[in-house]
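The structure appears below as structure tokens.
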Amino acid sequence: QQPVQSPQAVILREGEDAVINCSSSKALYSVHWYRQKHGEAPVFLMILLKGGEQKGHDKISASFNEKKQQSSLYLTASQLSYSGTYFCGTEGTTDSWGKLQFGAGTQVVVTP
Amino acid sequence: DAGVIQSPRHEVTEMGQEVTLRCKPISGHNSLFWYRQTMMRGLELLIYFNNNVPIDDSGMPEDRFSAKMPNASFSTLKIQPSEPRDSAVYFCASSLGEGEAFFGQGTRLTVV
């Protein structure tokens, strides 16, 4: 089953913050976050493993709450380059090893 | 490394024809994934291989789809016969263990 992302879309002004959520109906082993620009391939941002850790990449960070089977991606002081569609990919603890399934994506538009 | 290489980049074919998509993963990677992306369904996992062995093909839509990985450096996804509803962007991705997945540039398939 695919994870569920929210919101579907968000429009930000440069410098504003946003949160993208990813939730699953099953126990998770890992959560991956990717960003895809129009017409391009998805690009890896970060991976969070079971253990509730938080990670950061520039001003983009993420948390993983394994008990709630949720992950959140935080866009802080957004830049124009942050525009794109963000996908979370999840690997469940009962899935076949390495099975990575993606949510429907959250479209982020950052305006000047 | 040149990254994951997919060919062709674009394919237009008539309904009923056989279509073969090709992928060369990053050297040394042991997992290979085939995804299909459409506006309606997002990024769907079709099949993935580990050490050239198909691990999970539950996402393959129907018997018209087949995938092979004869060696560590090459994989194919075949659709026979193709139908208009198969039109999508098909991505191949590879990874090493449970690390980040690197995506190819995709093949945009149009079936008319």
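For segment B:30-65, a residue qualifies if it is polar (S, T, N, Q) and either surrounded by 15 or more Cβ atoms within 10 Å (Cβ to Cβ) or assigned to a loop (DSSP other than H, G, I, E, B) (or both), and the qualifying residues are B:Asn30, B:Ser31, B:Gln37, B:Asn50, B:Asn51, B:Asn52, B:Ser58. Scanning segment B:76-88 for any residue that is farther than 20 Å from B:Thr13 by Cα and either assigned to a loop (DSSP other than H, G, I, E, B) or within 14 Å of another protein chain (Cβ to nearest Cβ) (or both) turns up nothing. Of the strands (runs of 3 or more DSSP E) that lie entirely inside segment A:13-95, those containing 1 or more residues that are acidic (Asp, Glu) span A:84-92. Evaluate segment B:50-63: report whether one residue or more is in contact with a helix residue (DSSP H, G or I) (Cβ under 6 Å, 6 or more places away or on another chain) and among the β-branched types (Val, Ile, Thr). Scanning segment B:50-63, I find no residue that is in contact with a helix residue (DSSP H, G or I) (Cβ under 6 Å, 6 or more places away or on another chain) and among the β-branched types (Val, Ile, Thr), so the answer is no.
Scanning segment A:86-96 for residues that are within 7 Å of chain B (Cβ to nearest Cβ) and more than 12 Å from the chain's Cα centre (by Cα) returns a single hit, A:Ser96. Here is the figure for segment A:1-42: residues that are more than 12 Å from chain B (Cβ to nearest Cβ), buried (at least 18 other Cβ atoms within 10 Å of the Cβ) and among the small types (Gly, Ala, Ser) total 3. The condition (being over 20 Å from A:Pro3 (Cα atoms), hydroxyl-bearing (Ser, Thr, Tyr) and touching a residue at least 60 places away in the same chain (Cβ under 8 Å)) is satisfied by just one residue among B:Ser27, B:Ser31: B:Ser31. Is one or more of the residues making up segment A:43-53 modelled with pLDDT of 95 or more, within 12 Å of chain B (Cβ to nearest Cβ) and touching a Phe, Trp or Tyr at 6+ places or on another chain (Cβ under 6 Å)? So far as segment A:43-53 goes, no, none of its residues is modelled with pLDDT of 95 or more, within 12 Å of chain B (Cβ to nearest Cβ) and touching a Phe, Trp or Tyr at 6+ places or on another chain (Cβ under 6 Å). Does B:Thr76 satisfy the condition of being modelled with pLDDT of 95 or more and more than 11 Å from the chain's Cα centre (by Cα)? For B:Thr76, the condition - modelled with pLDDT of 95 or more and more than 11 Å from the chain's Cα centre (by Cα) - is not met. Applying the condition of being in a strand (DSSP E or B) and more than 9 Å from chain A (Cβ to nearest Cβ) to segment B:90-112 and asking which residue is modelled with the lowest pLDDT yields B:Ser94.
Give segment A:71-84 a look and list any residue that's surrounded by 19 or more Cβ atoms within 10 Å (Cβ to Cβ) and either in contact with an Asp or Glu (Cβ under 8 Å, 6 or more places away or on another chain) or within 12 Å of chain B (Cβ to nearest Cβ) (or both), or say none. A:Leu75, A:Ser78 - these are the residues of segment A:71-84 that are surrounded by 19 or more Cβ atoms within 10 Å (Cβ to Cβ) and either in contact with an Asp or Glu (Cβ under 8 Å, 6 or more places away or on another chain) or within 12 Å of chain B (Cβ to nearest Cβ) (or both). Counting the residues of segment B:66-94 that are in contact (Cβ under 8 Å) with a residue 60 or more places away in the chain, among the polar types (S, T, N, Q) and either buried (at least 18 other Cβ atoms within 10 Å of the Cβ) or touching a helix residue (DSSP H, G or I) at 6+ places or on another chain (Cβ under 7 Å) (or both) gives 2.
Kindly indicate whether B:Pro8 is closer than 28 Å to A:Gln5 by Cβ, more than 11 Å from chain A (Cβ to nearest Cβ) and in contact (Cβ under 8 Å) with a residue 12 or more places away in the chain. No.
The values are calculated or read from the model by the stated rules, or taken from the named source; none is laboratory data. Remember, predicted model here, so these are calculated numbers, not experimental data. A quick note on method: Cβ atoms are made from the backbone with ideal geometry, for glycine too, and the neighbour counts reach across all protein chains shown.
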